[in-house]
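First the structure, in the form of structure tokens, and then the observations on it.
The values are calculated or read from the model by the stated rules, or taken from the named source; none is laboratory data. These numbers were taken from a predicted model, which means no experiment stands behind them. Methodologically, a virtual Cβ is constructed for each residue, glycine included, from the backbone with ideal geometry; neighbour enumeration extends over all protein chains shown.
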Amino acid sequence: MKRNGYLALCFVMCFTIFSPLAIAKEKAGQQKGDNHFAPLASSAVMIEADTGTVLYEKNANEKMPPASITKVMTMLLIMEAVERGELKFTDKVRTSERAASMGGSQIFLQPGEEMTVEDMLKGIAIASGNDASVAMAEHLAGTEESFVARMNERAQQLGMKNSHFVNSNGLPAANHYSSAADIAIVSRELLKHEGITKFTGTYQDYLRKDSESPFWLVNTNKLVRFYEGVDGLKTGYTGEAKYCLTATAKRNNMRVIAVVMGEPDVKTRNNEVSTLFNYAFTHFQVLPMYKKGESVRAIVVDKGQKPQINAVTPHAVSLLMKKGESADTFQKEIVINETVSAPIAKNQVIGHIFIRTKDGKEVNRIDLFPEDQVDKANMWEILKRATKSVLISY
């Protein structure tokens, strides 16, 4: 049916599913008087990664010092630069004196030492290298200060309302804060870059392996080794922040993100995150709908170098189901521009998928993007296409 220049295709589907919105409300309501999943954490949140549904929360929006889980934002900006082609994993990064001077957890970079982006990212993701974080920040933005401005700008774009960054590594600083909910948001965004778990999910590796002074990396996130399905993301600790962790685990196509902040010790931190994961994997499952980059529909391009383009999903799309629930009816509606005029940018939204409950409540909305950018055709190409169309009509 046509509606406001859109072509809407509606499908009614039956799934054994529990409304994610209802889950969020149910769990949030329970936490007012029952914090048994993470009793010793100052704040915590757990979400299902594909839908963003909140499965558990405790003081999730409280501003707190994030320590090294700050580096999730640093890694996100690195991965986005790689995806845009501004950075390659093989690029060499030179260490400044300032970067080499960072204390705390580090990979002991020397002033003037060069490492590839890949090795720097290993140092950040596995060993929580404060020096590597600053080296990458300076490489990408010229100065750490400029990089931090990008961090805060990206936080605003992502809707991280309770975050403000002062540095790239999470070392103690005035006015440097985040919240469990915001860390879950940026963690979810980072996981859209599927290659990141190659780094965050590695338990041990080496830097300078073929040199006279190899450096052994052991992941600060021990759940990578000891909890089935965990492949990230980032630990954190300072005296003020106490023990923090944003962790992710995937089982049976369902990925969950759990964030805890202000834990008293490592053992408690790991135990409470494990308890959260156990709850999620015991009570919920997902039904995959679309893969990342899957074509949903082809649309006509007006005056473009290409006559049509595929509208694709930016990430995997799933429906969250509560185990043991009876079948419910959900409506999937695909709303896509009937015609889009060139030029079309690759990050331009050209349609949506809406998932609603049978009573019309929106469960999920997924923006659709063009598979590739489409430049505007020149006048000769447009004229040739129009002439061909006229001849065919005869």
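Just to be sure I understand the filter: pairs with C-beta atoms under 8 Å, separated by 6 or more residues or on different chains, first member in segment 216-244 and farther than 25 Å from Lys192 by Cβ, second member outside any strand (DSSP E or B) and acidic (Asp, Glu). Which pairs pass?
Short answer, once both residue conditions are applied: Tyr243/Asp265.
Provide a single number: the residues in segment 286-302 that are under 18 Å from Ala345 (Cβ atoms) and touching a Ser or Thr at 6+ places or on another chain (Cβ under 6 Å).
Adding up the residues that qualify gives 2.
Pairs, please: C-beta under 8 Å, at least 6 apart or cross-chain, first residue on the phi > 0 side of the Ramachandran plot and in segment 196-212, second assigned to a loop (DSSP other than H, G, I, E, B)?
Within 8 Å, the pairs are Arg208/Pro214.
Does Tyr177 meet the test of being under 22 Å from the mean Cα position of the chain (by Cα) and surrounded by fewer than 18 Cβ atoms within 10 Å (Cβ to Cβ)?
The answer is no for Tyr177.
Is there any pair linking a residue in segment 279-299 that is β-branched (Val, Ile, Thr) to one that is surrounded by fewer than 18 Cβ atoms within 10 Å (Cβ to Cβ) and not in a strand (DSSP E or B), with Cβ under 9 Å and at least six apart or on different chains, and which?
Thr282/Lys323; Val286/Asn252; Val286/Asn253; Ile299/Glu338
Would you please name the residue that is nearest to Glu228 (Cα to Cα), looking only at residues in segment 248-285 that are crowded, with 22+ Cβ neighbours inside 10 Å and of a type in the set (Val, Ile, Thr)?
Of everything passing the filter in segment 248-285, Thr248 is nearest to Glu228 (Cα to Cα).
Of the conditions (1) in contact (Cβ under 8 Å) with a residue 12 or more places away in the chain; (2) in the same structural domain as Gln348 (by TED's automatic domain parsing), Gln308 fails just one. Which one is it?
Evaluating Gln308 over (1) in contact (Cβ under 8 Å) with a residue 12 or more places away in the chain; (2) in the same structural domain as Gln348 (by TED's automatic domain parsing) leaves (1) as the failure.
Would you mind finding the one in Val117, Val93 that is free of Cβ contacts under 8 Å to residues at least 60 places away in the same chain, in contact with a His (Cβ under 7 Å, 6 or more places away or on another chain), of a type outside the set (D, E, K, R) and farther than 21 Å from His176 by Cα?
Numbers: Val117 fails: in contact with a His (Cβ under 7 Å, 6 or more places away or on another chain).
After ruling out the rest, the residue left standing is Val93.
Within segment 91-157, considering only helices (runs of 4 or more DSSP H) that don't extend past its boundaries, which have at least 1 residues that are in contact with a helix residue (DSSP H, G or I) (Cβ under 9 Å, 6 or more places away or on another chain) and either among the polar types (S, T, N, Q) or not assigned by TED's automatic domain parsing to the domain that holds Arg208 (or both)?
130-141, 144-157
For segment 343-379, give me the residue count where each residue is at pLDDT below 85, over 22 Å from Leu287 (Cα atoms) and assigned to a loop (DSSP other than H, G, I, E, B).
Looking only at that region, the number is 2.
Could you list, in sequence order, all residues of segment 43-65 that are within 18 Å of Thr235 (Cα to Cα) and under 17 Å from the mean Cα position of the chain (by Cα)? If you could, list the steps in order and put the result at the bottom.
Quick first cut of segment 43-65, residues within 18 Å of Thr235 (Cα to Cα) only: 43-47, 60, 63-65.
Residues satisfying the conditions are Val45, Met46, Ile47.
Which numbered condition in (1) surrounded by fewer than 19 Cβ atoms within 10 Å (Cβ to Cβ); (2) assigned to a strand (DSSP E or B); (3) at pLDDT below 85 is the only one that Ala298 fails?
The one condition Ala298 does not meet is (3).
Condition check: out of contact with any strand residue (DSSP E or B) (no Cβ under 9 Å at 6 or more places or on another chain), farther than 15 Å from Leu76 by Cα and at pLDDT 95 or above. Does Lys222 satisfy that? Spell out how you get there, then give the answer.
Working: out of contact with any strand residue (DSSP E or B) (no Cβ under 9 Å at 6 or more places or on another chain): no; farther than 15 Å from Leu76 by Cα: yes; at pLDDT 95 or above: yes.
Spelling it out, it is not the case that Lys222 is out of contact with any strand residue (DSSP E or B) (no Cβ under 9 Å at 6 or more places or on another chain), farther than 15 Å from Leu76 by Cα and at pLDDT 95 or above.
Examine segment 29-42 for a residue that is surrounded by 21 or more Cβ atoms within 10 Å (Cβ to Cβ), within 17 Å of Ile185 (Cβ to Cβ), modelled with pLDDT of 90 or more and outside the structural domain of Asn347 (by TED's automatic domain parsing), and state whether such a residue exists. I'd like the intermediate steps shown before the answer.
Here is the first cut: in segment 29-42, the residues surrounded by 21 or more Cβ atoms within 10 Å (Cβ to Cβ) are 37-38, 41.
Then drop every residue that is not within 17 Å of Ile185 (Cβ to Cβ), which leaves none.
For segment 29-42, residues surrounded by 21 or more Cβ atoms within 10 Å (Cβ to Cβ), within 17 Å of Ile185 (Cβ to Cβ), modelled with pLDDT of 90 or more and outside the structural domain of Asn347 (by TED's automatic domain parsing): absent.
Can you pull out the helices (runs of 4 or more DSSP H) entirely within segment 161-228 that have at least 1 residues that are under 14 Å from Ile107 (Cβ atoms)?
On the way: elements: 180-190, 197-200, 223-226.
In segment 161-228, the matching helices (runs of 4 or more DSSP H) lie at 197-200.
Just to be sure, is Gly103 modelled with pLDDT under 95, over 30 Å from Pro314 (Cβ atoms) and more than 21 Å from the chain's Cα centre (by Cα)?
Numbers: modelled with pLDDT under 95: yes; over 30 Å from Pro314 (Cβ atoms): yes; more than 21 Å from the chain's Cα centre (by Cα): yes.
Spelling it out, Gly103 is indeed modelled with pLDDT under 95, over 30 Å from Pro314 (Cβ atoms) and more than 21 Å from the chain's Cα centre (by Cα).
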